[in-house]
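Presented below is the structure to which this report refers.
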Amino acid sequence: MRSANMHALHRRPPANGHTGPMTTPTQRRYEPWMRLALAEATAAEATGDVPIGAVILDPTGTVIATGRNTREAEGDPTGHAEIVAIRTAARTLHERATQADPTSPASWRLTDCTLVVTLEPCTMCAGAIVLSRLARVVFGAWDPKAGAAGSLYDVLRDPRLNHNPEVVAGVLEQECADALDRFFEGRRQK
């Protein structure tokens, strides 16, 4: 899905067969942060990258990191929004811990933190999410070609792994999907 050959994203129908948009209270709770992730996605597009954005919240709901796709801008194949945000969040928590007590070992674990991202994570990002011990992943649009949170794979909820974050899907789903559709439609017209 992160390539120029992407087809239009689809909405995953709810399990109860209802075909209209459904927003749960849990989804609504994360809408303000998803709007911040959408702003990051817009910034990614400005540098020629696929418009995917992410934010990470600490346990109090404070944004401790943002990220956007930087593969094109930085020539880095691992420059996915989630990876950029995870690296920044880990550094932020490390700095907080060492400032509080320079003698204590600072942790890289993002325990009790939440990742909010505009597109369902791919397998690389899902692996990083599991390894960083994020408590929760909130995403907007489904990725039927490369998604690893329920579309193509379900790495995040695989019971064989040592950590399984909570997954909240479909937050501002249509807006997230529309941003990607517009980007790739513009690419096809060039």
Exercise for review: Go through THR60, THR26, THR42 for me and flag whichever is outside any strand (DSSP E or B) and touching a strand residue (DSSP E or B) at 6+ places or on another chain (Cβ under 7 Å).
Suggested key: THR26
Exercise for review: Output the residues belonging to the range 51-69 that are open to solvent by 20 Å² or more (accessible area, probe 1.4 Å) and either among the β-branched types (Val, Ile, Thr) or more than 14 Å from ARG136 (Cβ to Cβ) (or both).
Suggested key: THR60, THR62, VAL63, THR66, ARG68
Review point. Out of (1) within 16 Å of ILE83 (Cβ to Cβ); (2) of a type in the set (Val, Ile, Thr); (3) touching a Phe, Trp or Tyr at 6+ places or on another chain (Cβ under 7 Å), the odd one out for VAL130 is which?
Key: (3)
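Condition check ((1) touching a Cys at 6+ places or on another chain (Cβ under 9 Å); (2) over 19 Å from GLU31 (Cβ atoms)) across all residues:
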| residue | (1), (2) |
| --- | --- |
| THR88 | no, yes |
| VAL116 | no, no |
| ALA128 | no, yes |
| PHE139 | yes, no |
| LYS145 | no, yes |
| ASP178 | no, no |
| GLN189 | no, yes |
Review point. What number of residues within the range 122-178 are hydrophobic (A, V, I, L, M, F, W, C) and assigned to a loop (DSSP other than H, G, I, E, B)?
Key: 10
Practice item. Output the residues belonging to the range 88-123 that are in contact (Cβ under 8 Å) with a residue 40 or more places away in the chain, surrounded by fewer than 21 Cβ atoms within 10 Å (Cβ to Cβ) and out of contact with any Pro (no Cβ under 9 Å at 6 or more places or on another chain). Key: ALA90
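The values are calculated or read from the model by the stated rules, or taken from the named source; none is laboratory data. What you are looking at is a predicted structure, and each value in this text was computed from that prediction instead of being measured. Heads up, the Cβs are rebuilt from the backbone with ideal geometry, glycines too, and the neighbour counts pull from every protein chain shown. Accessible surface is based on the protein model in full, side chains and every heavy atom, while ligands, DNA and RNA are left aside. Shrake-Rupley method; radii C 1.70, N 1.55, O 1.52, S 1.80 Å.
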